Amino acid sequence: MQTYDLESGDLRCLNASLHAQAEATNQTAWEVVNPRGSHAIAVGLDAPIEVNVKGSTGYYCAGMNKQATVHIHGSAGPGVAENMMSGTVIVDGDASQYAGATGNGGTLVIKGNASSRCGISMKGIDIVVHGDVGHMSAFMAQSGNLVVCGDAGDALGDSIYEARLFVRGSVKSLGADCVEKEMRPEHIELLRDLLARGGCDAKPEEFKRYGSARQLYNFKIDNAY
Amino acid sequence: MTMKDIPHDGPPRTDPIQSATFSNPVNAEIRRAAATGIYDIRGGGAKRRVPHFDDLLFLGASVSRYPLEGYRERCDTNVTLGTRFAKKPIELDIPITIAGMSFGALSGPAKEALGRGASAAGTSTTTGDGGMTPEERGHSTKLVYQYLPSRYGMNPDDLRKADAIEVVVGQGAKPGGGGMLLGQKISDRVAEMRNLPKGIDQRSACRHPDWTGPDDLEIKILELREITAWEKPIYVKVGGTRPYYDTALAVKAGADVVVLDGMQGGTAATQDVFIEHVGLPTLACIRPAVQALQDLGMHREVQLIVSGGIRTGADVAKAMALGADAVAIGTAALVAIGDNDPKWEEEYRKLGSTTGAYDDWHEGQDPAGITTQDPQLEARLDPVDAGRHLRNYLNVMTLEAQTIARACGHNNLRNLEPEDLCALTIEAAAMARVPLAGTDWYPGKAGF
Ligand SMILES: Cc1cc2nc3c(=O)[nH]c(=O)nc-3n(C[C@H](O)[C@H](O)[C@H](O)COP(=O)(O)O)c2cc1C
């Protein structure tokens, strides 16, 4: 295992070393100590490596991740795993705003709570939050799945496209064009898999599903805002 | 028509007088709004007259300044963008770049033509709100990749394939507004690139999803640099609203290049009310932006690209004399490759428009095959021939700008300066901070 100390080493060196890991690397396990809330840790990775960050991170940890597993043993600042393409990002603590923003693929697991705008403009990512999510989560969410085991704040799924939202607890309010939808057997199956991948023992039957009413898809007099 | 044309008996009557306030076009728009209940959406930039480069003149050489020989003496046009932080700055032969216009708004052949023309002229082209296509990457020797609020098609591989990254905060045609692409243009390919259902009327966000304000922008730029190993120049594009502060904040956030787009700048589609009533004319943006760069000691260190209504080599020279390092063109490039060409007049008529006024670019029925996704229409545009036209046009603009620079005694376009200019109107004098023609005065000049 490689250990990188962000107290003595700089961010550029860390990311350059991680980027240098090729597909077939055998140095697959990395540990980053003393992250001290630094921004842009382990961004743009593109190899099947595992990076354990021992502490809390600043903005955009694991941004644009491909293939790698990034495990934050602490809390994550804004935009964790933003625009992720594939791979897995796990946050042991809480995540700040915009977690998983615009993510295209892969899985983001947040074991604590996520703040506002979790999954904003998501484009295919799967996000599993063990706790609650804040207001405007899944705003303009295009595709992928957001699972919330706790409660959701105001305006969930505002202006949502085709993403699927599953919430176990209460939803303070739904955003424009977001409605509750029927939980069909295929959704239960999908959710079972998401919960298993998220390391969550909640039962799929306890969740409600939300998605787009598709009433804002075309400019009409009543939608003109 | 006058009253005497209308036969009537009795004493003379007052002529009918049209209102300047409630003119026929204004009333027609009121009737259209009343009948449909929805605002007008269109493409293009502000159509009303605003103070512009036409309101400036060059002084040329005189006893105190001697000119350079028109064809013989050297007048350099090259520019390097991204010298502040990027390991690989962009070297351009000419200071005229092609502005960001999306595949989706534009057809595949139109994007290819822009790439071909720009590459042949030694300059860069730019992606747009819809991601990078392999075709445009392939045909552009220098390609700037836009990083927009929608993040449609955004991915780290394309980011690394780009020659520069442009973080789009705003556009001159609609500062504070997001994009829109109506259903007619959401073909299978466009839908797939944007990860959206086919045929919907697509709205793009007006604000970035994962940052707000200059402090966040600084961290966002850090992330983009880390992902791309600090190689690529990072531009920040803003619409002309508060050019002094936006430029200063972009510099503070770590931009290599600031792109400033005035209200005449084109768009593929937005509300007419937005285009005509929000933002500053291009002319009013340049001096405050240059002032901000100078106040920070960053003029020429951080390059300034100006766009919005650039049409000729004279416009290029004027923007540069006011302090820009380069300009970008959108609408003019589309006209060069065939937009609004009189040869389609019959078809423009069928669409309820006419040559020069056609702006329903959002409807996807462009007879010239440029602002469309219809396979039959886009097949009308030959990208090789259209690319040649663009190259010729870029060459002409460059020659024109050189002609002016030489006449003013400069051996490099960048050496043009405000002292080479005067203004024809008080408004232009105030905005450009150059004297009203024949005086040594402009509004706001200290000492008066
Ligand atoms: C058809 C069209 C599409 C455009 N698409 C984008 C875009 O995707 N992103 C962007 O930042 N600006 C876009 N713009 C604005 C241009 O990048 C540029 O700011 C503007 O065209 C410059 O003004 P000009 O048209 O007067 O040259 C678009 C403009 C046009 C005409």
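The values are calculated or read from the model by the stated rules, or taken from the named source; none is laboratory data. Values in this document were obtained by computation on a predicted structure and should not be read as measured data. Virtual Cβ from ideal backbone geometry, glycine too; neighbours counted across all protein chains shown.
Here are some residues: B:Arg65, B:Arg49, B:Arg42, B:Arg31. Which one is within 16 Å of the ligand (Cβ to nearest atom) and farther than 30 Å from B:Val144 by Cβ?
B:Arg49
For the range B:318-336, check the following and say yes or no: at least one residue is within 15 Å of the ligand (Cβ to nearest atom) and in contact with a His (Cβ under 6 Å, 6 or more places away or on another chain).
Looking through the range B:318-336, at least one residue is within 15 Å of the ligand (Cβ to nearest atom) and in contact with a His (Cβ under 6 Å, 6 or more places away or on another chain).
Which residue pairs have Cβ atoms closer than 8 Å, lie 6 or more positions apart in sequence or on different chains, and pair a first residue in the range A:120-132 that is touching a residue at least 24 places away in the same chain (Cβ under 8 Å) and over 10 Å from A:Gln142 (Cβ atoms) with a second residue that is of a type in the set (D, E, K, R) and outside any strand (DSSP E or B)?
A:Asp126/A:Arg197; A:Val128/A:Arg197; A:His130/A:Lys111; A:Gly131/A:Asp94; A:Gly131/A:Lys111; A:Asp132/A:Asp151
Out of everything in the range B:197-208 that is in contact (Cβ under 8 Å) with a residue 12 or more places away in the chain, within 8 Å of chain A (Cβ to nearest Cβ) and not β-branched (Val, Ile, Thr), what residue ends up being nearest to A:Phe139 (Cα to Cα)?
If we take residues in the range B:197-208 being in contact (Cβ under 8 Å) with a residue 12 or more places away in the chain, within 8 Å of chain A (Cβ to nearest Cβ) and not β-branched (Val, Ile, Thr), then B:Ala205 is nearest to A:Phe139 (Cα to Cα).
Name the single residue, out of those in the range B:217-262 being over 23 Å from the mean Cα position of the chain (by Cα) and of a type in the set (D, E, K, R), that is nearest to the ligand (Cβ to nearest atom).
Result: B:Lys220.
Do we have A:Met122 as touching a Lys or Arg at 6+ places or on another chain (Cβ under 8 Å), within 14 Å of chain B (Cβ to nearest Cβ) and among the aliphatic types (A, V, I, L, M) here?
Taking the combined requirement at face value, the residue does not satisfy it.
Quick grid of which residues meet (1) assigned to a loop (DSSP other than H, G, I, E, B); (2) surrounded by 24 or more Cβ atoms within 10 Å (Cβ to Cβ); (3) more than 21 Å from the chain's Cα centre (by Cα); (4) in contact (Cβ under 8 Å) with a residue 60 or more places away in the chain:
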position: B:Met154; (1), (2), (3), (4): yes, no, yes, no
position: B:Asp157; (1), (2), (3), (4): no, no, yes, no
position: B:Arg160; (1), (2), (3), (4): no, no, yes, yes
position: B:Gly172; (1), (2), (3), (4): yes, yes, no, yes
position: B:Gly176; (1), (2), (3), (4): yes, no, no, yes
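Please work out which one of (1) assigned to a helix (DSSP H, G or I); (2) within 11 Å of chain A (Cβ to nearest Cβ) is the condition B:Glu135 fails and give its number.
In the conditions (1) assigned to a helix (DSSP H, G or I); (2) within 11 Å of chain A (Cβ to nearest Cβ), B:Glu135 misses (2) alone.
On the phi < 0 side of the Ramachandran plot, outside any loop (DSSP other than H, G, I, E, B), of a type in the set (Val, Ile, Thr) and modelled with pLDDT of 95 or more, is that true of B:Thr80?
Taking the combined requirement at face value, the residue satisfies it.
Under the condition of being more than 30 Å from A:Leu194 (Cα to Cα) and not aliphatic (A, V, I, L, M), which residue from the range A:207-225 is modelled with the highest pLDDT? Please lay out each step first, then the result.
Narrowing the range A:207-225 to residues more than 30 Å from A:Leu194 (Cα to Cα): A:218-225.
When the remaining residues are screened for being not aliphatic (A, V, I, L, M), the result is A:218-220, A:222-223, A:225.
Details: A:Asn218: 82, A:Phe219: 75, A:Lys220: 69, A:Asp222: 57, A:Asn223: 54, A:Tyr225: 45.
Looking at the filtered set, the residue picked out is A:Asn218.
Test of understanding: among A:Ala163, A:Ala196, A:Ala213, A:Ala138, which residue is away from chain B (no Cβ under 12 Å), of a type in the set (Gly, Ala, Ser) and touching a strand residue (DSSP E or B) at 6+ places or on another chain (Cβ under 7 Å)?
Exactly one of A:Ala163, A:Ala196, A:Ala213, A:Ala138 is away from chain B (no Cβ under 12 Å), of a type in the set (Gly, Ala, Ser) and touching a strand residue (DSSP E or B) at 6+ places or on another chain (Cβ under 7 Å), namely A:Ala213.
Tell me, please, whether a residue that is touching a strand residue (DSSP E or B) at 6+ places or on another chain (Cβ under 8 Å), within 11 Å of the ligand (Cβ to nearest atom) and touching a residue at least 24 places away in the same chain (Cβ under 8 Å) can be found in the range B:280-290.
Yes, that holds for at least one residue.
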